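Asker: Here it is, the structure in full.
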Amino acid sequence: MPYFGISRQAYYTWYRRYQAEGVEGLRTRSKAPKTSPNVTHVEVVGKIIYLRQNYRFGPEKIAMYLKRCRLPASQRYKRHDRRWKRYEKQLPGHPVQIDLKAPLPEGRRLVTLRG
């Protein structure tokens, strides 16, 4: 049982802060994270505020609107890891390999074309 009602770990945390920063190091600090990787992008927040103020959309309608309008038609309603990725090479004219497989009429075997 801690003698002064704090744990040994808390004591040494405060002790190190006091040694580094003096009395200012003992003041209460915010526990909020310095960065938030999952924060909503500023342009999306702006669209949401615009839709709420001008069209009086509710949460469901805004969610539907953002899903429909933020992605190209070929990318809507797909999981993030299954969306297309742009394929680029560092140098113009760099050789590219493309494998195509297609079913052929009966009696013929499947051929892989390389270009």
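Asker: If I ask for residues that are assigned to a helix (DSSP H, G or I) and loosely packed, with under 10 Cβ neighbours inside 10 Å, which ones from segment 32-48 would you list?
Answerer: Val42, Glu43
Asker: Anything in segment 49-58 that is assigned to a loop (DSSP other than H, G, I, E, B) and among the basic types (Lys, Arg)? List them, or say none.
Answerer: Passing the criteria: only Arg56.
Residues checked against (1) aromatic (Phe, Trp, Tyr); (2) in contact with a Ser or Thr (Cβ under 8 Å, 6 or more places away or on another chain); (3) part of a helix (DSSP H, G or I); (4) modelled with pLDDT of 85 or more:
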position: Ile6; (1), (2), (3), (4): no, no, no, yes
position: Glu21; (1), (2), (3), (4): no, no, yes, yes
position: Thr28; (1), (2), (3), (4): no, no, no, yes
position: Glu60; (1), (2), (3), (4): no, no, yes, yes
position: Met64; (1), (2), (3), (4): no, no, yes, yes
position: Tyr77; (1), (2), (3), (4): yes, no, no, no
position: Glu88; (1), (2), (3), (4): no, no, no, no
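The values are calculated or read from the model by the stated rules, or taken from the named source; none is laboratory data. Since the model is a prediction, treat every value here as computed from it, not as a measurement. A quick note on method: Cβ atoms are made from the backbone with ideal geometry, for glycine too, and the neighbour counts reach across all protein chains shown.
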